[in-house]
Amino acid sequence: MTNKKDIIILAVESSCDETSAALVKNGREVLSNIISSQINIHKRYGGVVPEIASRKHIEVIDTVIKEALDSASKSLDDIDSVAVTCGPGLVGALLVGLSTAKALSFAIDKPLIGVHHIEGHIAANYIENPKWEPPFICLVVSGGHTNIVIAHSYDKYEVIGSTRDDAAGEAFDKTARALNLSYPGGPQIEKLAYDGNPNVIAFPRVMIDSDDFDFSFSGLKSAVLNYINKCKMKETPFNRADVAASLQQAITDVLCHKAIKACKKYSLKKLAMAGGVCANSFLRRSMEDLCLKNGIELNVPKPVLCTDNAAMIGSAAYYRMLNGDFSSLSLNAFPSLRLGENIPNDFKANDIRNTLTLHTNN
């Protein structure tokens, strides 16, 4: 039995096209957060190629973990547990991180903690603001996910709204392709939109007035593509910057409206944002303005914590560790794992040979 004041978690993230490892202390303090991006590799294909992503993870993951340890001036002897993203994500990419994390857990005889990727994105808010705590509403927006979530506690999440078809990030990416912008599309749309007028083209705000908190961006995506194609067919010039700005405004209007509405309905004066699309500065500023007008406290992680990274996984894992929510070495990848769904696990207490008594400052 080991008594420790501080808990240090080595976290691994490999759900898509970033290979990341981080050391996180007590769920809030990032000792290191190393990210190896594959953007330049996938850019030539206009999107992530799963098989290539998996192979690149294999090539760099050991180096990334070593760099994370070295950057934090720590060794494997200093680690209290190993955390890893187990879903959702690309199954091949997830398996690379899982295999590595399980091997480390076994080798150093420390507990393994499987973490939901979106739960990690939400937990990035705890790193950004050490005083931030549940309950709060969280808007999760990424390339594959658009949700409104109530964080009741550190380990209890209720999804009250989801996209019924395409995620907001997909609308950004598909529009970027139609405008011949490079991958990844979201940042390129944002950059182009600076020179555009968001009021020139009246793209639809689908489901903005619905009684629920669900989203739909398929119709918006189709409207943008139809506008571009009609202009090309009629040989009518159009301003690419206006298209980008009008799309960005339409997406932002829907996201902000529904998030604020959720805060009001559930009487929560705290709103967090999470996911890669939340790195969009126009969305961040728009949400800040609305929260200020409505007396809502807003917390948004810095851009590096919005995109995929292992620090957020380490933060989420810390709270699972406090609850004794460990995983067995048979933990698998779950590419379609839903937020709030229990991670399938056949853990038995004797799977962990070192049981820790945790003493924290919380």
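Values in this text are rule-based calculations from the coordinates and carry no lab data. From a predicted model like this one, the values you see are computed outputs, not experimental measurements. Here the Cβ positions follow ideal geometry from the backbone for every residue, glycine too, while neighbour counts run over all protein chains shown.
For the chain, what does -39500 (n - 2.57) per DSSP helix run (n ≥ 4), summed and divided by total residues, give at 222 nm, in deg cm²/dmol to the nearest 500?
That calculation yields -13000 deg cm²/dmol at 222 nm.
What aspartates and glutamates does Lys56 reach when the alpha-carbon gap must be under 12 Å and sequence neighbours fewer than 8 apart in one chain are set aside?
Asp17, Glu18
Which ³J(HN,Hα) values in Hz, rounded to whole numbers, follow from the phi angles of the range 260-269 under the Karplus curve 6.51 cos²θ - 1.76 cosθ + 1.60, where θ = phi - 60° and Gly and Pro get x?
Per residue, the Karplus-derived 3J(HN,Hα) values read 5, 4, 5, 4, 5, 5, 9, 6, 10, 9 Hz.
With both partners inside the chain, how many of the DSSP beta bridges are antiparallel, as a percent to the nearest 5?
Expressed as a percentage, antiparallel bridges in the chain total about 55.
Does the range 190-257 classify as rounded, prolate or oblate by the C-alpha gyration tensor (a ≥ b ≥ c root eigenvalues; a/c under 1.5 gives rounded; else a/b over b/c gives prolate, otherwise oblate)?
Oblate, since a/c reaches 1.5 and b/c is not below a/b.
What order do you get for Val91, Val64, Val206 when you list them from fewest to most C-beta neighbours inside 10 Å?
Working: Val91 16, Val64 22, Val206 19.
Fewest-to-most ranking of Val91, Val64, Val206: Val91, Val206, Val64.
Quick check: the angle from helix 168-178's long axis to the longest principal axis of the chain, C-alpha only, nearest 10 degrees?
Once rounded, one gets 50 degrees.
Which of the pairs Lys66/Lys110; Lys5/Lys25; Lys174/Lys258; Lys221/Lys293 have their Cα atoms more than 19 Å apart in this structure?
Cα-Cα > 19 Å for Lys174/Lys258; Lys221/Lys293; rest within.
Considering only DSSP beta bridges where both residues belong to the range 133-301, give the percentage that are antiparallel (nearest 5). Could the numbers behind the result be given before it?
Numbers: 12 of 20 bridges.
Of all bridge pairs located within the range 133-301, approximately 60 percent are antiparallel.
Under a 5 Å amide H to amide H cut-off, with H placed in plane at 1.01 Å, what residues pair with Gly161 once short-range neighbours are removed?
Ile148
Output the 0 to 90 degree angle, nearest 10, between the alpha-carbon long axis of helix 281-294 and the longest principal axis computed from the alpha carbons of the chain.
90 degrees
As an exercise, identify the trypsin sites (Lys or Arg not before Pro) in the range 1-92 lying in DSSP coil whose Cβ has no more than 14 other Cβ atoms within 10 Å. If you can, show how the numbers build up before the last one.
Details: sites: Lys4, Lys5, Lys25, Arg28, Lys43, Arg44, Arg55, Lys56, Lys66, Lys74; in loops: Lys5, Arg28, Lys74.
Counting only loop positions with at most 14 other Cβ atoms within 10 Å, the trypsin sites (Lys or Arg not before Pro) in the range 1-92 are Lys5.
Please determine, in degrees from 0 to 90 and to the nearest 10, the orientation of helix 117-128 with respect to the longest principal axis defined by the Cα atoms of the chain, where the helix direction is its Cα long axis.
Approximately 80 degrees, to the nearest ten.
Within 11 Å, Cβ to Cβ, of Arg205, how many net charges do the neighbouring residues add up to if Lys/Arg are +1 and Asp/Glu are -1?
Combined, the nearby Lys, Arg, Asp and Glu give -1.
With +1 on the Cβ of every Lys and Arg and -1 on the Cβ of every Asp and Glu, and nothing else charged, how large is the dipole of the range 1-83 about its Cα centre, in debye rounded to the nearest 20?
Numbers: 10 positive and 13 negative charges, 35 e Å.
So the dipole magnitude of the range 1-83 works out to roughly 160 debye.
Averaged over every viewing direction, what's the projected area of the C-alpha convex hull for the range 136-262? Give it in nm², one decimal, please.
8.1 nm²
Let me know the longest stretch in the chain that avoids all GluC sites (Glu not before Pro) found in a DSSP loop with at most 15 other C-beta atoms within 10 Å.
On the way: sites that count: Glu235, Glu341.
The reported range is 1-234.
Please turn the phi angles of the range 201-210 into ³J(HN,Hα) values with the Karplus equation 6.51 cos²θ - 1.76 cosθ + 1.60 (θ = phi - 60°), one per residue in order, whole Hz, x for glycine and proline.
Using θ = phi - 60°, the values come out as 10, 8, 6, x, 9, 5, 6, 5, 9, 5 Hz.
Would you please name the trypsin sites (Lys or Arg not before Pro) within the range 123-175 that are DSSP coil residues with at most 11 other C-beta atoms within 10 Å of their C-beta?
When the trypsin sites (Lys or Arg not before Pro) of the range 123-175 are filtered for loop state and at most 11 Cβ neighbours within 10 Å, Lys131 remain.
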